[in-house]
Amino acid sequence: QVQLVESGGGLVQAGGSLRLSCAASGRYAMGWFRQAPGKEREFVARISLSGGKTYYADSVKGRFTISRDNAKNTAFLQMNSLKPEDTAVYYCAVDVTNGGPKFQSSGYAYWGQGTQVTVSS
């Protein structure tokens, strides 16, 4: 069983920044997803086990940065130039399979509790 603890959500004005953190109980490839009201959960970003490979949804590319501190088994999502359409509950998740990159939620076995990000216009 993998434990994940998220932090860092909040309310910010459009154009502002937030940094999300996700501490895991082990070292895995990790991803961030988000779910807005009435919408399906969608992929945001992924980072490989080593941190050497990162992947982003087109909607956040150039604005969000995923990173990790392997000494602390923690992943981060730096979100800049936030837009109202970024408003959602953000979830971190781990991929325990050691396979190729996965962009669907079904590829992740364990999930954090979610943290609310609200961007006002």
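The values are calculated or read from the model by the stated rules, or taken from the named source; none is laboratory data. Predicted, not measured: the structure shown is a model, and the values here were computed from it. Reconstructed Cβ throughout: ideal geometry from the backbone, glycine too, with neighbour counts over all protein chains shown. Protein only, heavy atoms only, side chains kept; ligands, DNA and RNA dropped before computing areas. Shrake-Rupley method; radii C 1.70, N 1.55, O 1.52, S 1.80 Å.
Under a 1.4 Å probe, what is the accessible area of the range 31-121 per residue, stated in Å²?
Working: 4530 Å² over 91 residues.
Per-residue accessible area for the range 31-121 comes out at 50 Å².
Here's the list of aspartates and glutamates a cross-link from Lys83 could span, going by alpha-carbon distance under 17 Å and ignoring same-chain residues fewer than 8 apart: Glu42, Asp58. Using the alpha-carbon positions of the chain, Rg (one decimal) and Dmax (whole number) come out as 13.2, 40 Å.
Note on Gln1 and Asn70: with the Förster distance fixed at 22 Å, the Cβ-Cβ geometry gives a FRET efficiency of about 0.60.
Bridge orientation summary for the chain: considering DSSP beta bridges with both residues in this region, about 90 percent are antiparallel.
Note the full-extension length gain between Ser81 and Ser25 as 0.36 nm times their separation in residues minus their Cα-Cα distance, in nm to one decimal. Before the final figure, lay out each step's value.
On the way: separation 56, 0.36 × 56 = 20.16 nm, distance 3.07 nm.
Once the chain is fully extended between Ser81 and Ser25, it gains 17.1 nm.
Within the listed set Tyr110, Tyr28, Tyr90, the residue fluctuating most in the Gaussian network model of the chain (springs between alpha-carbon atoms under 10 angstrom) is Tyr110.
So how much slack lies between Lys53 and Ala14, counting 0.36 nm per residue of separation and subtracting their Cα-Cα distance, in nm? Provide the component values of the computation, followed by the final result.
Working: separation 39, 0.36 × 39 = 14.04 nm, distance 2.86 nm.
Here the answer is 11.2 nm.
With contacts taken as Cα pairs under 8 Å and at least 6 residues apart, the chain reaches a relative contact order of 36 percent. Just the protein heavy atoms count here, and of the accessible area of the chain at 1.4 Å, carbon and sulfur take up 47 percent.
Let me spell out the model: positive unit charges on the Cβ of Lys and Arg, negative unit charges on the Cβ of Asp and Glu, origin at the Cα centre of the range 6-121. What dipole size does that give, in debye rounded to 20? Each step should come with its number before you reach the end.
Values: 13 positive and 8 negative charges, 46 e Å.
Dipole about the Cα centre, nearest 20: 220 debye.
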